[in-house]
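A.B. asks: Before I ask anything, here is the structure I am working with.
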Amino acid sequence: MERLPEQLAENLVAWFRADHRDLPWRQDKEPYHVWLSEIMLQQTRAEAVKGYYARFLRELPTIEALARCEPDRLQKLWEGLGYYSRVRNLQKAAQMIVSRLGGEFPRTVDEIRKLPGVGAYTAGAIASICFELPAPAVDGNVLRVVSRVMADGACVSKQAVKDEYGARLAEIYPAGACGDFTQSLMELGATVCLPNGEPRCEACPVAGLCRARSEGTQRRYPVKEAKKPRRVEKLTVFRLVCGERCAVRKRADAGLLAGLWELPNVPGFLEAPEALELLETWGVQPRELVRMHEKTHIFTHVEWQMRCFTVLCQSEGGGFLWADPARFARDVALPTAFRRFWEQ
C-alpha cells in the first residue's frame, strides 16, 4: 500500500476541531476517562454508552475506587452493556495500576498494552488522545475510511492489513494534533463514512482525496472475509417466583457470560409437564405455571433460542439465591439475555 496523503490529516483535524459531536468523554484528557470510554464503546453505540459512562464515574470516580469495587456491584454498574469480560479486565487493570504502578497510568503504548483487556486499538487511542503520541487506533471505522480513501481491496479482516494501515497512518500523524487526528478518524467513520449503506460523501472533508469517491466505488470497500454462521443453542429458562423473590444462580467461572448471575436454565427445549417435573426434583415445589414465552438472543458467535417458564413456587429451594427487588437493584446483574425475561 502506498503512502497516505499528508492532506488527509490536515483536512480531518480542521474538520474535527470545527464540527464534532459533544460527547462526555471528550471533556478532558484524563487517561482513566478515555480508557473507560474506549472500553465501553467496544461493540456499543455512543448514545447507549453515555448514561453508563456518567453513572460509572459517579460511583467509581478514580482508578483506586474501581480497583476496590465489589465484583457484583461492578457487574451491576455494567449491566446491559454486555461483553462482561470488558469490565472484569478493567478492574484487573485498575488493580495492576494501583499495586504495581503506584496509581499512575502508564504513558507509553507498550506499557499501556500490558494492561489486561487493552489491545493495540485501545492503547493507540489512549496514547494519542491523552499523551499526544503518534499512535494510530485502528478499528472498524478507521479500516473503512482508509480502504475507501485508497480504494484498497485488501481484506481488512486480516491482521497484516490492519498493521499495514496503522503503519501508513503513523507516517502522517501531525505533531501537536495526534489526539485530534485519532478522534477525527473515529468521528468520520461514525458519522460520515458510514457502513451498511451509502456514505455521506457530500459532507466528507476528505472527499477530494478519496479514490473510491472519484471512481464511484465506495460501497465496494472495505473488503471483509465472509462471516461464519452462528452456532444455535436451545435453552429452557425458569423465572421462579416465590413472593417478592426471584431465583438466580451464578454461571461457571469460564465460558460465555462467565461468573455472571443467570436465571436457572437447562439445555434444550422442555414442554410444560417436563419443566414442572424438573422443578420438583430441584425442590422448589411449583404451585402454578403462569406463562411460557420464547425469545432469541444473539451473541457474536452463538444464537440462543430461549423458552422461558414463569412459575410461582411454594418454597425457596433448589440451592438458588432468591433475590428481592432491592437485592436486584443493588448487586444482582443479569445479562440482557436473561434480564428480558426477569423484567416481564
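A.B. asks: Please report the antiparallel percentage of the DSSP beta bridges confined to the chain, to the nearest 5.
C.D. replies: Within the chain, antiparallel bridges account for around 65 percent of the total.
A.B. asks: How large is Rg/Rh for the stretch 64-103, to two decimals, with Cα atoms and a Kirkwood Rh?
C.D. replies: So for the stretch 64-103, dividing Rg by the Kirkwood Rh gives 1.01.
A.B. asks: Which percent of Cα-Cα pairs in the stretch 1-59 sits in each 5 Å bin, short to long?
C.D. replies: The percentages, shortest bin first, are 4, 15, 21, 18, 15, 14, 9, 4, 2, 0.
A.B. asks: Now, a different point. Once Lys and Arg get +1 and Asp and Glu get -1 on their Cβ, which of HIS293, ALA123, THR191 lies farthest toward the positive end of the dipole of the chain?
C.D. replies: Looking along the dipole axis, the top candidate is HIS293.
A.B. asks: Work through the residues other than THR300 whose Cβ is under 14 Å from its Cβ and net out their charges, Lys, Arg +1 and Asp, Glu -1.
C.D. replies: Here the count lands on +3.
A.B. asks: Can you compute the charge dipole magnitude of the chain about its Cα centre, using +1 on each Lys and Arg Cβ and -1 on each Asp and Glu Cβ, nothing else charged? Give it in debye, rounded to the nearest 20.
C.D. replies: Magnitude of the dipole: close to 400 debye.
A.B. asks: Tell me, what does the Kirkwood hydrodynamic radius of the chain come to in angstroms if you use every pair of distinct C-alpha atoms?
C.D. replies: It is 22.7 Å.
A.B. asks: Which Rg and Dmax, in Å, describe the Cα atoms of the stretch 147-270?
C.D. replies: Rg then Dmax for the stretch 147-270, in Å: 23.2, 66.
A.B. asks: Next question, about the same structure. Work out the charge dipole of the chain with +1 on the Cβ of Lys and Arg and -1 on the Cβ of Asp and Glu about the Cα centre, then indicate which of LEU209, LEU260, VAL13 is farthest towards its positive end.
C.D. replies: Comparing the listed Cα positions along the dipole, LEU260 ranks first.
A.B. asks: Give a quick list of GluC sites (Glu not before Pro) in the stretch 178-261 that DSSP marks as loop, anything other than H, G, I, E or B, with at most 15 other Cβ atoms within 10 Å. The partial results should precede the final answer.
C.D. replies: On the way: sites: GLU187, GLU202, GLU215, GLU225, GLU233, GLU244; in loops: GLU225, GLU244.
Here the sparse-neighbourhood loop sites are GLU225, GLU244.
A.B. asks: Quote to one decimal, in nm, the extra length available between GLU225 and THR108 on full extension: 0.36 nm per residue of separation minus the C-alpha distance between them.
C.D. replies: 38.9 nm
A.B. asks: Let me ask something additional. So, counting K/R as plus one and D/E as minus one, what does the shell of residues with Cβ under 11 Å around TRP15 add up to?
C.D. replies: Here the count lands on -3.
A.B. asks: Treat every Asp and Glu Cβ in the stretch 116-245 as -1 and every Lys and Arg Cβ as +1, leave all other atoms uncharged, and give the resulting dipole magnitude about the Cα centre to the nearest 20 debye.
C.D. replies: Numbers: 18 positive and 14 negative charges, 178 e Å.
Taking the Cα centre of the stretch 116-245 as origin, the dipole is about 860 debye.
A.B. asks: Only four residue types carry charge here, +1 at the Cβ of Lys and Arg and -1 at the Cβ of Asp and Glu. Report the dipole size of the stretch 172-270 about the Cα centre in Debye, rounded to the nearest 20.
C.D. replies: Numbers: 16 positive and 10 negative charges, 119 e Å.
The dipole magnitude comes to about 580 debye.
A.B. asks: OK, next. Could you give the nm distance between label points at ALA272 and ALA175, where each point is 7 Å from its Cα heading toward the beta carbon?
C.D. replies: 7.6
A.B. asks: Percent of Cα-Cα pairs more than 17 Å apart in the stretch 254-344, please.
C.D. replies: 55
A.B. asks: Label-point separation (nm) for CYS155 and ASP28, each offset 7 Å from Cα along Cα-to-Cβ?
C.D. replies: Once both label points are built, they end up 4.5 nm from each other.
A.B. asks: Then there is this: Apply the Karplus parameterisation 6.51 cos²θ - 1.76 cosθ + 1.60, with θ equal to phi minus 60°, to every residue of the stretch 246-262 and state each ³J(HN,Hα) to the nearest whole Hz, in sequence, with x for glycine and proline.
C.D. replies: Per residue, the Karplus-derived 3J(HN,Hα) values read 10, 7, 9, 8, 8, 6, 4, 6, 10, x, 4, 6, 4, x, 8, 6, 8 Hz.
A.B. asks: Rounding to the nearest 10 and keeping the result within 0 to 90°, find how far the Cα-based axis of helix 46-59 lies from the longest principal axis of the chain.
C.D. replies: 70
A.B. asks: Let me ask you something else. Using the Karplus curve 6.51 cos²θ - 1.76 cosθ + 1.60 with θ = phi - 60°, what ³J(HN,Hα) values do you get for each residue of the stretch 79-85, in whole Hz, with x for Gly and Pro?
C.D. replies: Ordered by residue, 3J(HN,Hα) equals 3, x, 7, x, 6, 5, 4 Hz.
A.B. asks: Where the centre of each part is set by its Cα atoms, how far does the stretch 13-79 sit from the stretch 95-118, in angstrom?
C.D. replies: 17
A.B. asks: Right, next: Using Cα centres only, tell me the gap between the stretch 197-255 and the stretch 174-192 in whole Å.
C.D. replies: Computed from Cα coordinates, the inter-centre distance equals 23 Å.
A.B. asks: On a full-extension model of 0.36 nm per residue, what is the gain between ARG340 and GLU294, subtracting their alpha-carbon distance, rounded to one decimal in nm?
C.D. replies: 15.5 nm
A.B. asks: The stretch 50-128: D in µm²/s via Stokes-Einstein (Kirkwood Rh, Cα pairs, 10 °C, 1.306 mPa s)?
C.D. replies: 122
A.B. asks: Which pairs in the list LYS76/LYS227; LYS29/LYS50; LYS158/LYS227; LYS50/LYS92; LYS158/LYS228; LYS234/LYS295 are over 20 Å apart, alpha-carbon to alpha-carbon?
C.D. replies: Too far apart for the 20 Å limit: LYS76/LYS227; LYS50/LYS92.
A.B. asks: Place a point 7 Å from the Cα of TYR83 along the Cα-to-Cβ direction; which residues of the stretch 137-161 have their backbone N under 12 Å from it?
C.D. replies: 139-141
A.B. asks: What length, rounded to one decimal in nm, is gained on full extension from GLU132 through to ALA48, with 0.36 nm per residue of separation minus their alpha-carbon distance?
C.D. replies: On the way: separation 84, 0.36 × 84 = 30.24 nm, distance 2.77 nm.
Contour length minus the Cα-Cα distance gives 27.5 nm.
A.B. asks: Mind ordering 43-55, 77-89 by average Cβ neighbours within 10 Å, highest first?
C.D. replies: Per-residue Cβ counts within 10 Å, averaged per peptide and sorted highest first, yield 77-89, 43-55.
A.B. asks: Next question. Cα-based Rg of the stretch 203-314 per 2.2 N^0.38 Å, rounded to two decimals? Present the calculation step by step, with values, prior to reporting the outcome.
C.D. replies: Working: Rg = 23.0 Å, N = 112, 2.2 N^0.38 = 13.2 Å.
This ratio for the stretch 203-314 stands at 1.74.
A.B. asks: I've got another one for you. Have a look at the DSSP beta bridges in the stretch 193-305 and tell me what percent are antiparallel, nearest 5.
C.D. replies: Here the antiparallel bridges make up roughly 70 percent for the stretch 193-305.
A.B. asks: Taking a cut-off of 15 Å between Cα atoms, list the aspartates and glutamates near LYS162, but don't count ones fewer than 8 places away on the same chain.
C.D. replies: Straight-line reach from LYS162, under 15 Å: GLU2, ASP139, ASP152, GLU171, GLU225.
No lab work stands behind these numbers, since they all come straight from the coordinates. Every value quoted in this text rests on a predicted model; they were computed, and no experiment measured them. No Cβ is skipped: glycine too gets one built from the backbone with ideal geometry, and neighbour counts run over all protein chains shown.
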